[in-house]
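Colleague: Sharing a structure here in structure tokens format.
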Amino acid sequence: MNAPVTVYVPADAGALSLGADRVASAIVAGASARGQNVNLVRNGSRGLYWLEPLVEVVTPAGRVAYGPVNAGDVTALLEAGLLEGAPHALRRGDIESLDWLKSQQRLTGARLGIVNPADIDDYIAHGGYIGLSTALTLAPAAIVKMITDSGLRGRGGAAFPTGIKWQTVLDQPVAQKYIACNADEGDSGTFSDRMLMEGDPFALIEGMTIAARAVGANRGYIYLRVEYPHAARALAKALSAARARGYLGENIRESGFSFDISIRLGAGAYICGEETSMLESLEGRRGEVRVRPPLPAIKGLFGQPTVVNNVVTLATVPVVLAKGAQFYQDFGVGRSRGTIPLQLAGNVKRGGLVERAFGLTVNQLVYDYGGGSASGRPVRAVQIGGPLGAYLPESQFDTPLEYEALSARSALLGHGGVVVFDDSVDMAKMARYALEFCAVESCGKCTPCRIGSTRGVELVDRIVAGANGSRAADLALLDELCDTMFNGSLCGLGGMTPFPVRSALKHFRNDFMK
């Protein structure tokens, strides 16, 4: 046979759902039948989901992409010269030169789709473990200072400064501390955590190890929802490889510092994405919100000081340690520093992962990257930040995607999920869905969330039906209910449900008056 040609076919959940395994098998079998040897690499997705399954062939001119490829396309592609990067209708050219990809500023997701997620040497060859090597030369306080100076904020709902959280844990004078990674990614339209765990799991492991070194923890847990089996397998392989090479376990890289990580699977309750519910579940109890204070940074997992960060936050830490706080600080606008992996989904032509510095506008994301709606109809609204995020009308699409600008619009960035709706959407139904979602997912511990959401569903139904004879009074009552949920709920589930309801009422009121 000829010298092997390296071919990349993604093996993450998104690509697999579109038939990537069948494509990979067809390429290997077809090439073998032609006497051609293939070195097949199962990478993660680069996030260009409208092109998945995306096949890349290594050529002297670079990695040439073809997509979307179905198994039935493979014979024709091989006949056309797939393994030489030859022309074909599905050929997209040099993957790195595609405008959709090259205009991005990938720091957290720099290796997504590029490396073999199971190969620690590939990770190291692409800049991995430089951050940890730096951290092992620094005092814990110096590591925390770098994170603080970088401006990194939690890439979840609260956007709390990561450095302040770590400093609080570092300051606790106890021997036992924990790192808890919140990988319970449950927001609709979000997938960046999953992509990182499946496409670059060592980045998360390295970030957790640096966090442990910074605060004095020796044990970490990744709380992962059971609906992510591919991520669980990718993480398990990566954890084993990291231990075997001395990047986890006792006396890491002969530094005297020891730390190890275990995976814990949750049953998939949305409330377990809330940090205190997640800690309850990790301890083996029902996932219910804890009353705060005390904060988890002071009394967290098993009653000990605990750093709780999500996947994107922790996977960003190695970049900060490897390239410096100022490098990361130089991206972004205002108090929103660095980059944010935005997940573009819903009724959009080109959905996927877009990582850019904070400040990209909704217009740029939806039209420049997304290409408008998939249906071809006018875009009417976007929901930002998951099922409990606010709806923005097209008149506000000039809003920059950063924390303070969205807060000024009574909206939140959350985990960076952006879901697009065309003009066929009924926003009264979407407001009802938010309340129903809260009613189904509530842990039931506080009355505003447990009862308020159920009464809210009934109230929206009554408003839409015009059953009370006074819609104005019912609309005012719905607003009052939202006020009670916002101010009286124990956690973000009940507290944030008013965001989609009130934004729908404010911007799309006619949908409630039909």
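Colleague: Does any residue in the range 86-102 that is within 16 Å of G351 (Cβ to Cβ) come within less than 8 Å, Cβ to Cβ, of a residue that is open to solvent by 90 Å² or more (accessible area, probe 1.4 Å) six or more places away or on a different chain, and which pairs are these?
Modeller: Taking only residues 6 or more apart or on different chains, the pairs are L98/R92.
Quick grid of which residues meet (1) within 24 Å of G370 (Cα to Cα); (2) crowded, with 20+ Cβ neighbours inside 10 Å:
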| residue | (1), (2) |
| --- | --- |
| R285 | no, no |
| V312 | yes, yes |
| A315 | no, yes |
| G324 | no, no |
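Colleague: Here's a follow-up. Go over the candidates L136, L107 one by one and state the one that is touching a Phe, Trp or Tyr at 6+ places or on another chain (Cβ under 9 Å), in contact (Cβ under 8 Å) with a residue 40 or more places away in the chain, farther than 26 Å from F191 by Cα and open to solvent by less than 50 Å² (accessible area, probe 1.4 Å). Don't jump to the end; show me each part of the working.
Modeller: Numbers: L107 fails: farther than 26 Å from F191 by Cα.
Result of the check over L136, L107: L136.
Colleague: Return the total of residues in the range 1-46 being open to solvent by less than 60 Å² (accessible area, probe 1.4 Å), over 27 Å from R350 (Cβ atoms) and basic (K, R).
Modeller: The qualifying residues number 0.
Colleague: Shifting gears a bit: Scan the range 77-111 for residues that are assigned to a loop (DSSP other than H, G, I, E, B) and either more than 24 Å from G352 (Cβ to Cβ) or more than 25 Å from the chain's Cα centre (by Cα) (or both) and jot them down. Walk me through it before giving the result.
Modeller: As a first pass, look at the range 77-111 and keep what is assigned to a loop (DSSP other than H, G, I, E, B): 81, 85-90, 98, 103-111.
Those that are assigned to a loop (DSSP other than H, G, I, E, B) and either more than 24 Å from G352 (Cβ to Cβ) or more than 25 Å from the chain's Cα centre (by Cα) (or both): G81, G85, A86, P87, H88, A89, L90.
Colleague: While we're on this one: Would you point out the residue of the range 65-76, among those that are under 27 Å from the mean Cα position of the chain (by Cα) and open to solvent by less than 10 Å² (accessible area, probe 1.4 Å), that is nearest to I114 (Cα to Cα)?
Modeller: My answer is A65.
Colleague: Moving on. Quickly run through the range 232-277 and pick out the residues that are surrounded by 19 or more Cβ atoms within 10 Å (Cβ to Cβ), modelled with pLDDT of 95 or more and among the hydroxyl-bearing types (S, T, Y).
Modeller: Listed by number, the residues that qualify are Y247, T276, S277.
Colleague: How many of the residues making up the range 186-224 are open to solvent by 10 Å² or more (accessible area, probe 1.4 Å), within 25 Å of L493 (Cα to Cα) and not hydrophobic (A, V, I, L, M, F, W, C)?
Modeller: Qualifying residue count for the region: 7.
Colleague: If you take the residues of the range 211-245 that are part of a helix (DSSP H, G or I) and of a type outside the set (A, V, I, L, M), which of them is nearest to V319 (Cα to Cα)?
Modeller: So the first thing to find is which residues in the range 211-245 are part of a helix (DSSP H, G or I), and the list is 211-215, 229-244.
Those left that are additionally of a type outside the set (A, V, I, L, M): 213, 229-230, 233, 237, 240, 243.
Working: R213: 16, P229: 27, H230: 25, R233: 24, K237: 22, S240: 23, R243: 21 Å.
Out of the qualifying residues, it is R213.
Colleague: Could you give me the residue pairs with C-beta distances under 7 Å whose first residue belongs to the range 155-167 and is in contact (Cβ under 8 Å) with a residue 12 or more places away in the chain, whose second residue is basic (K, R) wherever it lies, and which are 6+ apart or on separate chains?
Modeller: That search, which allows pairs on different chains as well, returns A159/R153; P161/R153; T162/R153.
Colleague: Output yes when any residue across the range 344-365 is buried (at least 18 other Cβ atoms within 10 Å of the Cβ), in contact (Cβ under 8 Å) with a residue 24 or more places away in the chain and among the hydroxyl-bearing types (S, T, Y), and no when none is.
Modeller: no
Colleague: Right, here's the next one. State the number of residues belonging to the range 139-167 that are open to solvent by 40 Å² or more (accessible area, probe 1.4 Å) and either assigned to a loop (DSSP other than H, G, I, E, B) or of a type in the set (S, T, N, Q) (or both).
Modeller: Residues in the range 139-167 being open to solvent by 40 Å² or more (accessible area, probe 1.4 Å) and either assigned to a loop (DSSP other than H, G, I, E, B) or of a type in the set (S, T, N, Q) (or both): 6 in total.
Colleague: Condition test on A381, is it buried (at least 24 other Cβ atoms within 10 Å of the Cβ), modelled with pLDDT of 95 or more, within 17 Å of A428 (Cα to Cα) and touching a helix residue (DSSP H, G or I) at 6+ places or on another chain (Cβ under 6 Å)?
Modeller: no
Colleague: Let me ask you something else. Can you tell me which residue is farthest from V440 (Cα to Cα) among those in the range 469-499 that are of a type in the set (A, V, I, L, M) and open to solvent by less than 30 Å² (accessible area, probe 1.4 Å)? Reasoning before the result, please.
Modeller: Filtering the range 469-499 for residues of a type in the set (A, V, I, L, M) gives 472-473, 475-478, 481, 485, 490, 493, 496.
Going one step further and asking which of them are open to solvent by less than 30 Å² (accessible area, probe 1.4 Å), we end up with 475, 478, 485, 493.
On the way: L475: 23, L478: 19, M485: 15, L493: 11 Å.
Result: L475.
Colleague: Here is a follow-up. Identify all residues within the range 168-210 that are in a loop (DSSP other than H, G, I, E, B), more than 12 Å from the chain's Cα centre (by Cα) and farther than 15 Å from P305 by Cβ; write none if there are none. Full working, then the answer.
Modeller: First, pick out the residues of the range 168-210 that are in a loop (DSSP other than H, G, I, E, B): 171-177, 184-191, 200.
Among the residues that remain, those that are also more than 12 Å from the chain's Cα centre (by Cα) are: 171-177, 200.
Within the range 168-210, just D200 meets the criteria.
Colleague: Test G495 against the criterion of being of a type in the set (G, A, S), part of a helix (DSSP H, G or I) and under 28 Å from the mean Cα position of the chain (by Cα), and give yes or no. Walk me through it before giving the result.
Modeller: Working: of a type in the set (G, A, S): yes; part of a helix (DSSP H, G or I): yes; under 28 Å from the mean Cα position of the chain (by Cα): yes.
Judged against the criteria, G495 is a match.
Colleague: Considering every residue within the range 112-120, establish whether at least one is under 23 Å from P341 (Cβ atoms), in contact with a His (Cβ under 9 Å, 6 or more places away or on another chain) and assigned to a loop (DSSP other than H, G, I, E, B).
Modeller: The answer is yes; a qualifying residue exists.
The values are calculated or read from the model by the stated rules, or taken from the named source; none is laboratory data. The structure displayed is predicted, hence computed values, not measured ones. Reconstructed Cβ throughout: ideal geometry from the backbone, glycine too, with neighbour counts over all protein chains shown. When the accessible area is computed, the model is the full protein with side chains, heavy atoms only, and any ligands, DNA or RNA have been set aside. Shrake-Rupley method; radii C 1.70, N 1.55, O 1.52, S 1.80 Å.
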